[in-house]
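Undergrad: Sharing a structure, written as structure tokens. Questions coming.
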Amino acid sequence: MLGDQLDPTGPAFRGHRPGDARVLMIESEHALARLPYNRERRVLVIGAMRRFADRLRAAGWAVDLRRAPTLFAGVMAHAAEEEPDRIVVAHPASRSGLALVRRVAGALPVQVEIREPVGFITRPGELDEILGARQPRMDTFYRAMRRRLGILVDADGEPVGGAWSMDAENRKPPPRTRDLGAPAPWLPAADDPLDRELRHEFASLPEIGGGGERVMAADQGEAEAALDRFIETRLAGFGPHQDAMMDDDWAMSHALLSGPLNLGILSPERVARRVADALGDGAPIASVEGFVRQVIGWREYVWGWYWKRTWRTANALGAEAPVPAALRGGSTRMRCVEVAMDGIHRRGYSHHIQRLMVLGTLMLLRGTEPWAASRWFQAAHVDGAAWVMAPNVIGMALYADGGGMMTKPYAASGAYIKRMSNHCRSCPYDPTAGAGPDACPFTTLYWDFLDRHRERLGQNHRMALSMRNLAKRQDIPAIRARAREVMAALDTGVD
Ligand SMILES: Cc1cc2nc3c(=O)[nH]c(=O)nc-3n(C[C@H](O)[C@H](O)[C@H](O)COP(=O)(O)OP(=O)(O)OC[C@H]3O[C@@H](n4cnc5c(N)ncnc54)[C@H](O)[C@@H]3O)c2cc1C
Ligand code: SF4
């Protein structure tokens with residue numbers, strides 16, 4: 001079992017009972033140290049594997065959970081000791097995992113059976129089957145998924161509530177209070193002994209953020225508690241402010257479920273059905289639809305896109321800059337970046353809009369090299385995974401696939417962050433200014449980005465309004481000059 005396949009009812013168990021098969025799980029030293037991961041990520045993933053192994057043992061399974069230099073070495077060592085006559089594994093969630101399984105199959109004289117993946121509703125390659133000849137767009141895919149699963153559709157296959165999307169009712173700016181006022185999310189016990197032990201165990205590995213706060217569920221019991229708490233107390237407020245950000249509210253109304261979903265602990269279909277059922281208990285349709293869209297829409301769409309193309313070399317905008325220094329341990333005066341980085345350092349978590357519209361947009365506008373950006377995101381967040389990184393970072397946030405996934409880049413100036421957060425009120429920069437020493441780096445770089453990519457973006461009709469606004473600006477030379485200063489500051493960490 002790979003570390004992201006932690007479902008005791010998963011496909012690898014089908015047809016087996018305790019006593020007729022052994023479960024092999026490997027803590028790979030190479031995988032643990034491959035990137036400077038956030039310590040809370042290591043705590044979550046290894047902690048989840050150890051808890052899962054204990055649970056299986058309690059149910060009577062023989063479990064070999066071993067530490068090995070690499071996954072391959074671990075399988076070989078196990079095979080030499082136990083001489084299995086057959087290996088059964090769920091389809092890995094990454095290309096490197098699949099390559100590993102194939103290498104094992106080539107190296108051992110036993111049958112290796114690859115079953116369906118854990119943690120997804122669709123199979124690799126199924127995105128194209130679902131979309132057929134239609135344009136690969138999330139909305140088209142999402143409607144097809146709702147109809148296929150019978151979630152939030154009536155007997156005629158039409159959307160419950162009269163519309164496929166409630167986005168118009170969501171996406172509100174934050175209230176003028178200190179925080180959103182949402183009930184607290186489920187959190188594990190702060191003094192969990194296994195977490196403490198693991199933090200100590202990993203203390204010497206290079207890392208982003210020293211952590212100290214695990215915020216995601218690491219076993220089935222915790223995940224059920226987190227899901228219940230979300231549905232019962234926080235779901236109603238999810239929709240309206242799902243795109244908002246606040247200085248003093250790191251979780252807003254988000255579910256904090258990506259970790260257990262990505263580890264195979266929670267089933268996405270069950271999560272979506274439970275949330276859809278909450279409609280019958282009075283949860284508002286806008287919030288229910290907004291959340292279901294994330295899980296059976298965006299999450300599955302991103303998973304489908306991962307298998308649709310190779311991502312390693314995608315760099316349509318020719319971006320070559322390093323990850324901004326403020327994200328590599330440097331300090332920053334940009335309040336929005338500071339708040340997102342505080343969440344990463346403490347918890348290995350920033351919420352979706354911080355990832356997309358602050359950290360991702362900063363890297364897009366600066367021209368950060370896409371693969372470096374993707375590796376950074378994967379290391380920094382507790383829920384990172386190869387399949388989720390490539391499409392979200394390289395495709396969605398950085399537009400480095402040249403518009404395969406998204407119809408236009410998510411480029412935005414400080415005006416967007418000002419509207420959707422309260423960060424700018426306590427920031428020394430001016431979100432409305434594009435040039436001058438107080439200009440907001442996002443605003444300067446936004447205009448400079450449009451200017452730098454005039455030719456490509458000018459051909460995109462969805463960018464027409466932005467390009468017309470660019471053409472009206474009289475201060476482009478001053479913006480260019482300021483952009484050079486901002487870029488140098490971002491690279492060296494003196495903003
Ligand atoms: C640049 C960038 C990097 C991201 N990195 C990751 C990552 O490392 N791991 C990860 O799981 N998600 C990632 N996402 C997607 C999304 O931001 C996170 O899933 C979400 O913030 C996790 O927090 P939550 O559980 O509180 O989510 P909520 O906001 O409560 O959303 C509910 C669920 O929807 C799913 N979801 C929503 N959007 C996406 C999406 N675009 N891709 C995949 N799942 C989605 C997640 O499973 C999430 O748990 C990234 C998005 C962007 C733009
Ligand atoms: S002014 Fe600019 S840098 Fe400061 S918080 Fe607002 S958007 Fe971020």
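The values are calculated or read from the model by the stated rules, or taken from the named source; none is laboratory data. Predicted model, so just to flag it, every value in this text is computed and none were measured. Counting neighbours? That spans all protein chains shown, and the Cβs are built from the backbone with ideal geometry, glycine included.
Undergrad: Mind listing whichever residues of the stretch 209-253 are surrounded by 24 or more Cβ atoms within 10 Å (Cβ to Cβ) and among the basic types (Lys, Arg)?
TA: ARG214
Undergrad: Quick one: would you say ASN392 is part of a helix (DSSP H, G or I) and in contact (Cβ under 8 Å) with a residue 60 or more places away in the chain? It would help to see each step written out before you state the result.
TA: Details: part of a helix (DSSP H, G or I): yes; in contact (Cβ under 8 Å) with a residue 60 or more places away in the chain: yes.
So ASN392 passes the test.
Undergrad: Additional query: If the requirement is being over 20 Å from MET389 (Cβ atoms) and of a type in the set (Gly, Ala, Ser), which of these qualifies: ALA325, ALA321, ALA316, ALA340?
TA: Details: ALA321 fails: over 20 Å from MET389 (Cβ atoms); ALA316 fails: over 20 Å from MET389 (Cβ atoms); ALA340 fails: over 20 Å from MET389 (Cβ atoms).
Step by step, each of ALA325, ALA321, ALA316, ALA340 is checked, and only ALA325 is over 20 Å from MET389 (Cβ atoms) and of a type in the set (Gly, Ala, Ser).
Undergrad: Follow-up. Within the stretch 402-416, is there a residue that is more than 16 Å from ligand 2 (Cβ to nearest atom) and crowded, with 24+ Cβ neighbours inside 10 Å? It would help to see each step written out before you state the result.
TA: The initial filter retains those residues of the stretch 402-416 that are more than 16 Å from ligand 2 (Cβ to nearest atom), namely 402-409.
Filter once more, so that each one left must be crowded, with 24+ Cβ neighbours inside 10 Å: 409.
Taking every residue of the stretch 402-416 in turn, at least one turns out to be more than 16 Å from ligand 2 (Cβ to nearest atom) and crowded, with 24+ Cβ neighbours inside 10 Å.
Undergrad: Moving on. Taking the stretch 312-352 on its own, how many of its residues are among the charged types (D, E, K, R) and part of a loop (DSSP other than H, G, I, E, B)? Show your work before the answer.
TA: Here is the first cut: in the stretch 312-352, the residues among the charged types (D, E, K, R) are 312, 320, 328, 333, 335, 338, 342, 346-347.
Next cut, part of a loop (DSSP other than H, G, I, E, B) only: 312, 320, 328, 333.
The number of residues fulfilling the criteria is 4.
Undergrad: Continuing with the same structure: Out of ILE417, ILE479, report the one residue that is farther than 21 Å from ALA372 by Cα, hydrophobic (A, V, I, L, M, F, W, C) and either touching a Cys at 6+ places or on another chain (Cβ under 6 Å) or part of a loop (DSSP other than H, G, I, E, B) (or both). Lay out the reasoning, then the answer.
TA: Working: ILE479 fails: either touching a Cys at 6+ places or on another chain (Cβ under 6 Å) or part of a loop (DSSP other than H, G, I, E, B) (or both).
The conditions single out ILE417.
Undergrad: Restricting to the stretch 237-259, count the residues that are away from ligand 2 (no atom under 16 Å from the Cβ) and within 14 Å of LYS172 (Cβ to Cβ).
TA: Final tally of qualifying residues: 8.
Undergrad: Report whether or not VAL337 is crowded, with 23+ Cβ neighbours inside 10 Å, under 14 Å from the mean Cα position of the chain (by Cα) and in the same structural domain as ARG425 (by TED's automatic domain parsing). Talk me through it step by step, then tell me what you get.
TA: Numbers: crowded, with 23+ Cβ neighbours inside 10 Å: yes; under 14 Å from the mean Cα position of the chain (by Cα): no; in the same structural domain as ARG425 (by TED's automatic domain parsing): yes.
It is false that VAL337 is crowded, with 23+ Cβ neighbours inside 10 Å, under 14 Å from the mean Cα position of the chain (by Cα) and in the same structural domain as ARG425 (by TED's automatic domain parsing).
Undergrad: Moving on. Does GLY132 count as at pLDDT below 95 and either over 22 Å from the mean Cα position of the chain (by Cα) or more than 30 Å from ILE417 (Cα to Cα) (or both)?
TA: Numbers: at pLDDT below 95: yes; either over 22 Å from the mean Cα position of the chain (by Cα) or more than 30 Å from ILE417 (Cα to Cα) (or both): yes.
So GLY132 fits the description; yes.
Undergrad: Scan the stretch 146-162 residue by residue and report those that are over 23 Å from LEU127 (Cα atoms) and surrounded by 14 or more Cβ atoms within 10 Å (Cβ to Cβ).
TA: As a first pass, look at the stretch 146-162 and keep what is over 23 Å from LEU127 (Cα atoms): 154-156, 160-162.
Once the filter is applied, which keeps residues that are over 23 Å from LEU127 (Cα atoms) and surrounded by 14 or more Cβ atoms within 10 Å (Cβ to Cβ), the stretch 146-162 yields VAL160, GLY161.
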